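Participant: The following block contains the structure, expressed as structure tokens.
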Amino acid sequence: MKTSEKERPLQIAIASGKGGAGKTSVAVALLQANAERTRLVDCDVEEPDCHLFLDAPIVQKKPVTQLIPHILADQCRHCGRCVRACQFNALALAGDSGVMVFTELCHACGACAQICPAGAIEEVSTPVGELIQRQSEKGWELVTGILSVGHAAAPGVISAARRETPVRPVPFTLLDSPPGAACSLVTTLRDCDFALLVAEATPFGLHDLELAMETSKKLDVPCAVVVNRMRPGRTLIQDFCKVQGVPILIEIPEKREIAESIAAGGSLLDAEPDLRNDFRNLLDKCKQMINSSRAAHG
Amino acid sequence: MSTNPRRVAFSATQAGLDASLDPRFGRCSCWVILDLESGAVELLNNTDNKGAEQGAGIQAAQTVLGANVQALVTGHCGPKAFRVLQAAGVAVYCAEEGTVRQAAERLQAGQLPQLSQPDVASHW
């Protein structure tokens, strides 16, 4: 292996447009099967759940802060430019009472402070969430981003979780993505080396896979598909992937035992130990695809 | 209400005095603005804000304030919109059913309850 390949850790997002498609199950199984060479970042900061399946001591907790506007009332001229600049409806100009700030809606974009002609907006560091880092004796590490209840700005917490320094350097960082195809997913996928898109073999699953794949393509992140709850004869995901030219790297069968294991706090691998090898290979296949995609793009 | 409002906004489903009231505030279709003294009627659209990802109530309050009204008649009003309206001194009255014309008559007859606090939670 060349030194350059050793140096840069690869970031692989596990995503799907649909909630409940199996992102966390796949991310946890990937981590367990590759414990010594991976870390996992739970980017589903509105409802992080990887830690429910991964027990390990907490080694660090720290707050995530964002710069939130504070209006200096004696300097504000009530011109309303900040209110019009805010794309998140977090500011209002209430007549003579001046500008009101709705902190919980602020996405910390800084536009209001930039546009204020009177220098009446001060940006104040405000806690909006928390990062929790767990380290297992098996080698793996889990970083959990948590958005405080009542706050709307998930991207800030996701970015902070992604920036967190690894406890020890490993070749792979997995990112358990939030559902949907909006700003939270974009923040998770952006600049990733690869996306594993988990799709349930149902029409709903197919619909949301299309959204996730489109997002991934727009962000220039190469992707492959994991089919979850596969039943013989149900080939709608396969048919779609064939047309798109996107490979399917693994198919997880629909089995009652898997659902029971996960409902009891266990993992996919507890129910299907034979899949452990497949999940080791899965990570290697991702790496091969990253390398060939890089070769193709020069 | 200490002084009688002159210009009043009504959350409505369409333009005109015979439009039905829209029980929502932040995501209502539009507002009918009525000048109680001159009887002049205007339409204030809420088109861009109806589908806002967040903060629809705050933005709606901002829009209504821009129309220079002293009172608002709406079905329900949540906490953030209410804070903005209250800070700006706009009185909020509740009417969920009927037409703008009927609500205006009831307002002038002192029959509409005025809200002293929001009557629904966020994201109602």
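Participant: Looking at segment B:17-37, which of its residues are more than 12 Å from the chain's Cα centre (by Cα) and open to solvent by less than 80 Å² (accessible area, probe 1.4 Å)?
Facilitator: B:Leu17, B:Ala19, B:Ser20, B:Asp35, B:Leu36
Participant: How about segment A:199-268: which helices (runs of 4 or more DSSP H) wholly inside it have at least 3 residues that are out of contact with any strand residue (DSSP E or B) (no Cβ under 6 Å at 6 or more places or on another chain) and within 21 Å of A:Ser25 (Cα to Cα)?
Facilitator: Counting at least 3 such residues, we get A:203-218, A:256-263.
Participant: Output the qualifying pairs, or none if there are none: Cβ atoms under 9 angstrom, residues six or more apart or on different chains, first residue in segment A:147-160 and among the polar types (S, T, N, Q), second residue open to solvent by 40 Å² or more (accessible area, probe 1.4 Å).
Facilitator: A:Ser148/A:Glu104; A:Ser148/A:Pro127; A:Ser148/A:Glu130
Participant: So if I check each of B:Ala104, B:Ala81, which one is at pLDDT 95 or above and closer than 17 Å to B:Arg7 by Cβ?
Facilitator: B:Ala104
Participant: Another one. Here are B:Ala56, B:Ala91: which of them is within 18 Å of B:Pro5 (Cα to Cα) and of a type in the set (Gly, Ala, Ser)?
Facilitator: Sole residue among the options that is within 18 Å of B:Pro5 (Cα to Cα) and of a type in the set (Gly, Ala, Ser): B:Ala91.
Participant: In addition: Quick one: in segment A:270-298, which of the residues that are among the hydrophobic types (A, V, I, L, M, F, W, C) and in contact with a Ser or Thr (Cβ under 9 Å, 6 or more places away or on another chain) is surrounded by the fewest Cβ atoms within 10 Å (Cβ to Cβ)?
Facilitator: It comes out as A:Ala271.
Participant: Are any of the residues in segment B:74-95 more than 14 Å from chain A (Cβ to nearest Cβ), in a loop (DSSP other than H, G, I, E, B) and out of contact with any Asp or Glu (no Cβ under 8 Å at 6 or more places or on another chain)?
Facilitator: Yes; the residues of segment B:74-95 include at least one that is more than 14 Å from chain A (Cβ to nearest Cβ), in a loop (DSSP other than H, G, I, E, B) and out of contact with any Asp or Glu (no Cβ under 8 Å at 6 or more places or on another chain).
Participant: Return yes or no: is A:Gln135 farther than 29 Å from A:Gln60 by Cα and touching a residue at least 24 places away in the same chain (Cβ under 8 Å)?
Facilitator: no
Participant: When you check B:Gly75 against the structure, is it open to solvent by less than 60 Å² (accessible area, probe 1.4 Å) and within 16 Å of B:Pro23 (Cα to Cα), yes or no?
Facilitator: yes
Participant: Still on this model: With segment A:79-153 as the region, which strands (runs of 3 or more DSSP E) entirely inside it contain at least 1 residues that are modelled with pLDDT under 95, touching a strand residue (DSSP E or B) at 6+ places or on another chain (Cβ under 6 Å) and open to solvent by less than 10 Å² (accessible area, probe 1.4 Å)?
Facilitator: A:121-135
Participant: Of the residues that make up segment A:77-85, is at least one out of contact with any His (no Cβ under 6 Å at 6 or more places or on another chain) and more than 14 Å from every other protein chain (Cβ to nearest Cβ)?
Facilitator: Yes: segment A:77-85 contains one or more residues that are out of contact with any His (no Cβ under 6 Å at 6 or more places or on another chain) and more than 14 Å from every other protein chain (Cβ to nearest Cβ).
Participant: Another question, then. Residues to consider are B:Gly66, B:Gly51, B:Gly57, B:Gly16; find the one that is in contact with a strand residue (DSSP E or B) (Cβ under 9 Å, 6 or more places away or on another chain) and within 14 Å of another protein chain (Cβ to nearest Cβ).
Facilitator: Unique residue meeting the criteria: B:Gly66.
Participant: Still on this model: For the condition under 16 Å from the mean Cα position of the chain (by Cα), among the charged types (D, E, K, R) and not in a strand (DSSP E or B), what is the one hit in A:Arg168, A:Arg162?
Facilitator: A:Arg162 is the lone residue from the list that is under 16 Å from the mean Cα position of the chain (by Cα), among the charged types (D, E, K, R) and not in a strand (DSSP E or B).
The values are calculated or read from the model by the stated rules, or taken from the named source; none is laboratory data. Computed from a predicted model, the values in this text were never measured in an experiment. All Cβ positions, even for glycine, are placed from backbone atoms using ideal geometry, and neighbour counts span all protein chains on display. For accessibility, only protein heavy atoms count, side chains too; no ligands or nucleic acids. Shrake-Rupley method; radii C 1.70, N 1.55, O 1.52, S 1.80 Å.
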